[in-house]
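Colleague: A single structure is presented below for examination.
The values are calculated or read from the model by the stated rules, or taken from the named source; none is laboratory data. Remember, predicted model here, so these are calculated numbers, not experimental data. Neighbour counts run over all protein chains shown; Cβ positions are idealised from the backbone, glycine included. Surface accessibility is based on the protein's heavy atoms, side chains included, excluding ligands, DNA and RNA. Shrake-Rupley method; radii C 1.70, N 1.55, O 1.52, S 1.80 Å.
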Amino acid sequence: MHLPIETIKKIIVGSGFVSEADFDDAAKTASELNKDIVDILIFRGAINEDTIGKLIAEHYGIPFANIRRLDIPSDVLSLIPEKMARVYKIVPFGQEGKVLKVAMENPEDFEALEFAKRHTGLEIEQYFATRDDLVKGLGQYKKGIKEDFEKIISENIKKIGAPEVGSEEEEDLAKLAEKVPIIKILDTIFSYAISEKASDIHIERQEEEVVIRFRIDGVLRDIVKFPKGVEAALVARIKILSNLKIDEHRVPQDGRYKFIIDEDVVSLRISIIPGFYGENVVMRLLQETNRPSSLEELGLVGHNLEIIRANITRPHGMILVTGPTGSGKTTTLYSILNILNTIEVKICTIEDPIEYAIGRVTQIQVNTKTGVEFATGLRALMRHDPDIIMVGEIRDNETAEIAIHSALTGHLVLSTLHTNTAAGAIPRFLDMGSEDFLLASTLNVVIAQRLVRKICSSCIVKYTPDEMIRKKLTKDLGNSLEGQKFYKGQGCGQCNHKGYVGRIGIYEALPVNEKIRSLITQRATSDEIQKQAIAEGMTTMLQDGLDKVSSGLTTIEEVIRVVREN
C-alpha cells in the first residue's frame with residue numbers, strides 16, 4: 001500500500017471496522033515480518049479487501065472499482081499498451097464516449113494520468129483499485145495469448161529439427177534445448193498456463209503425438225497437440241532449468257524451478273517419469289507473489305469459522321485438517337500459519353514438499369535419501385524450541401505419537417490426515433496405534449474439507465431444476481431441498497464457456513469437547529462421533545455446500561460431486 005501507515009490507520013480505525021489496539025498490533029507484526037499492514041489485517045479477518053478498497057476510495061473522493069470480476073473488452077485494454085500499464089500500474093476497464101475509466105492504486109500519480117490522457121486522447125475518469133485487483137486486471141492483457149498460442153507453438157516447431165532420444169548424442173540434445181524455438185515454446189506454455197490460472201501443466205508423450213494438458217479449477221483440459229519429435233528437446237530444456245540429469249531417461253526425477261512473468265514470481269515443482277512412449281512431465285505452478293488467502297477467502301464462514309478461530313489461538317493441542325489429495329488442506333494450514341506468524345512465537349514446519357516460503361518460519365523439507373522423514377524431522381524440530389509446529393502429513397504411528405506428545409508438552413501442532421470426514425480422523429488415529437486417552441486430551445479440532453468450482457460471476461443465473469432432478473438430488477443427498485435456491489453459470493468468454501471460474505472450499509469443523517473426548521476414550525466409531533457432533537450443532541460439509549449453493553457461489557452438481565466421494 002503506497003499510503004503512509006498513519007493515513008491508513010486514520011482511514012481504517014476511523015471507519016470503526018478495526019479497533020486502534022487491533023490495528024497497532026497488526027502494524028507491529030507487519031513491521032516485524034516486512035509485510036503490508038493491509039495484508040495482515042485481511043489474514044486476521046479484521047476486515048476484507050473490498051471494504052478496505054471502498055474506504056480508501058472514499059478517502060480519495062473517487063469511486064472504487066472491483067475489476068477482478070470484470071471481463072475487460074480487448075479494445076479497451078489496447079488503448080493503453082500492456083508495458084506502460086504495468087509501468088504506471090493502471091488498468092483501463094471501460095469507455096463511455098470520450099471518457100476512459102482507469103483503475104489505479106495511487107490516484108495521485110499525476111504522471112500516469114497525464115500519460116493515459118496524452119496516449120489515448122480521451123478524458124480520464126479515475127477509479128481506485130486494490131493491489132490484488134490491479135494484478136488480476138493486468139493479467140487480462142494475457143487474454144490475447146489464447147488466440148496466438150497454437151500459432152506460436154506451430155511456427156516454432158517448424159523451426160526445429162528435433163531428434164528422438166538415442167538418434168543423436170546427448171550433447172546435441174542439450175544444444176537443441178538451448179535454441180530459441182524450444183525456449184519460445186516452453187515460455188509460451190508457461191505464459192498461457194498463468195493466463196488460464198492453471199495449477200498444473202502436463203506434457204504427455206503418446207504413440208504418434210505429444211499432448212499438453214492444463215489442470216484448471218481441478219479439471220484437466222487438452223490444450224494443444226503436436227507431432228512427436230519435439231518433446232525430447234522440450235523435456236531436456238525443463239531438466240536443464242531444474243538442474244536434473246539430462247542424460248537420465250529410465251528413472252523418475254523431481255526438481256524445482258522459478259520463473260518471472262511480468263513481475264509474477266512462479267515456482268514450478270517438476271516431476272518427470274519414464275512412460276511407455278517416452279518421458280512424461282507434470283509441473284505444479286505455485287505463484288509466490290500472490291498474497292496468501294484469508295480463512296474467509298478460502299470459504300470458511302459462520303459457525304465453522306468461529307470454531308477454527310477459537311482453536312488456533314489456543315496455546316497447545318492439535319489441529320487436524322483432513323481430506324483427499326488436492327482438496328486444499330495445505331493451503332488451509334498456510335493460511336492459519338500466516339495468522340499465527342508473529343515475532344512472539346517460533347514456528348517450525350516439516351513438509352513434503354515445501355510449497356511456499358514463509359518469512360520467519362523454519363521450514364524443513366522431507367528427504368528420504370538423507371533419512372529426513374516426517375518422524376525424524378519432527379523429532380529434530382522438538383529440539384529447536386518451537387511454539388507452533390506444522391507437520392505436512394501424519395501417515396504412520398511414529399509420526400502420530402511424536403505429534404501427540406508434542407501437543408501434550410505445550411506445543412500447538414497442525415497437521416493433515418487422509419480421511420473423508422472430520423469424525424473419520426479419530427478412528428484413523430487410533431488405527432495407527434495411538435492411545436485413546438492421549439488423543440482425547442490433545443486433539444482440539446478436526447477440519448474436513450473439499451474444493452468445489454465457483455460459478456462464474458459474469459454469467460450466473462438463477463434457475464429451478466425440474467421435479468425429476470430435484471427428487472434425484474434429494475435421494476442422492478439424503479437432505480430436503482425445500483426452499484433451496486439454485487444457480488449456475490451459463491458460460492461466457494470470461495469462463496471459456498464452462499460456467500465456472502476458480503474454486504472455493506466447503507468445510508466441516510468438529511471441536512473436541514467433553515462428550516467427544518468421552519467417545520474417543522470409548523473408541524467409538526466415526527458414525528457415532530459424527531452423530532454426536534451434529535447433535536451439538538456441527539455444520540457438515542453437505543450443509544456448508546448447500547449454503548454456498550444458496551449464496552450463488554457454486555452449483556448443486558459440484559456439491560454432489562465432492563460429497564459422493566465420502
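Colleague: Cβ-Cβ distance below 8 Å, separation of 6 or more or different chains: which pairs start in region 95-115 with a residue that is more than 13 Å from residue 60 (Cβ to Cβ) and end on one that is open to solvent by 80 Å² or more (accessible area, probe 1.4 Å) and outside any loop (DSSP other than H, G, I, E, B)?
Modeller: 98/123; 99/123; 100/123; 101/95
Colleague: Okay, moving on. Taking residue 508 as meeting all but one of (1) under 23 Å from residue 215 (Cα atoms); (2) open to solvent by less than 10 Å² (accessible area, probe 1.4 Å); (3) part of a strand (DSSP E or B), write down the number of the exception.
Modeller: Unmet for residue 508, out of (1) under 23 Å from residue 215 (Cα atoms); (2) open to solvent by less than 10 Å² (accessible area, probe 1.4 Å); (3) part of a strand (DSSP E or B): (1).
Colleague: Please list, ordered by first then second residue, the pairs with beta carbon atoms under 6 Å, 6 or more apart or interchain, first in region 316-329 and closer than 13 Å to residue 299 by Cβ, second open to solvent by 20 Å² or more (accessible area, probe 1.4 Å) and of a type in the set (A, V, I, L, M).
Modeller: Sorted first by the residue in region 316-329, then by its partner, the pairs are 327/451; 328/451.
Colleague: Also: Filtering region 379-401 down to residues that are in a helix (DSSP H, G or I) and hydrophobic (A, V, I, L, M, F, W, C), which residue is nearest to residue 332 (Cα to Cα)?
Modeller: By that ranking, first place goes to 400.
Colleague: So, one more: Just checking, does region 402-423 include any residue being assigned to a helix (DSSP H, G or I), closer than 27 Å to residue 284 by Cα and not aliphatic (A, V, I, L, M)?
Modeller: no
Colleague: Say whether the condition of being at pLDDT 90 or above, open to solvent by 50 Å² or more (accessible area, probe 1.4 Å) and assigned to a helix (DSSP H, G or I) is met by at least one residue in region 38-55.
Modeller: The answer is yes; a qualifying residue exists.
Colleague: Moving on to the next point. Taking the conditions exactly as written (of a type in the set (A, V, I, L, M, F, W, C), open to solvent by 20 Å² or more (accessible area, probe 1.4 Å) and outside the structural domain of residue 182 (by the TED database)), does residue 220 satisfy them or not?
Modeller: no
Colleague: Residue 439 fails exactly one of the following numbered conditions: (1) assigned to a helix (DSSP H, G or I); (2) touching a Phe, Trp or Tyr at 6+ places or on another chain (Cβ under 7 Å); (3) not assigned by the TED database to the domain that holds residue 298. What is the number of that condition?
Modeller: Failed condition: (3).
Colleague: Would you mention how many residues in region 511-549 are buried (at least 16 other Cβ atoms within 10 Å of the Cβ), under 23 Å from residue 441 (Cβ atoms) and either charged (D, E, K, R) or in contact with a Lys or Arg (Cβ under 7 Å, 6 or more places away or on another chain) (or both)?
Modeller: Qualifying residue count, region 511-549: 2.
Colleague: Among the listed residues 556, 516, 534, identify the single one that is within 26 Å of residue 418 (Cβ to Cβ) and within 30 Å of the chain's Cα centre (by Cα).
Modeller: Of 556, 516, 534, the one residue that is within 26 Å of residue 418 (Cβ to Cβ) and within 30 Å of the chain's Cα centre (by Cα) is 534.
Colleague: I'd like the full set of residues that are in a loop (DSSP other than H, G, I, E, B) and at pLDDT 90 or above, limited to region 308-341.
Modeller: Answer for region 308-341, where residues must be in a loop (DSSP other than H, G, I, E, B) and at pLDDT 90 or above: 313, 314, 315, 316, 323, 324, 327, 328, 341.
Colleague: Further question on the same structure: Filtering region 309-333 down to residues that are surrounded by fewer than 16 Cβ atoms within 10 Å (Cβ to Cβ) and within 27 Å of residue 267 (Cα to Cα), which residue is nearest to the chain's Cα centre (by Cα)?
Modeller: The selected residue is 326.
Colleague: Then there's this: Can you report the number of residues in region 17-34 which are open to solvent by 60 Å² or more (accessible area, probe 1.4 Å), not in a helix (DSSP H, G or I) and not aromatic (Phe, Trp, Tyr)?
Modeller: 1
Colleague: Name the single residue, out of those in region 445-491 being more than 29 Å from residue 329 (Cβ to Cβ) and among the small types (Gly, Ala, Ser), that is surrounded by the fewest Cβ atoms within 10 Å (Cβ to Cβ).
Modeller: It comes out as 483.
Colleague: I'd like the residue in region 345-372 that is in contact (Cβ under 8 Å) with a residue 24 or more places away in the chain and among the charged types (D, E, K, R) and, out of all such residues, is surrounded by the fewest Cβ atoms within 10 Å (Cβ to Cβ).
Modeller: So, considering only residues that are in contact (Cβ under 8 Å) with a residue 24 or more places away in the chain and among the charged types (D, E, K, R), the one surrounded by the fewest Cβ atoms within 10 Å (Cβ to Cβ) is 360.
Colleague: Test residue 111 against the stated conditions and say whether it is over 25 Å from residue 51 (Cβ atoms), at pLDDT below 90 and either among the charged types (D, E, K, R) or not in a helix (DSSP H, G or I) (or both).
Modeller: Considered against the rule, which asks whether it is over 25 Å from residue 51 (Cβ atoms), at pLDDT below 90 and either among the charged types (D, E, K, R) or not in a helix (DSSP H, G or I) (or both), residue 111 comes out as no.
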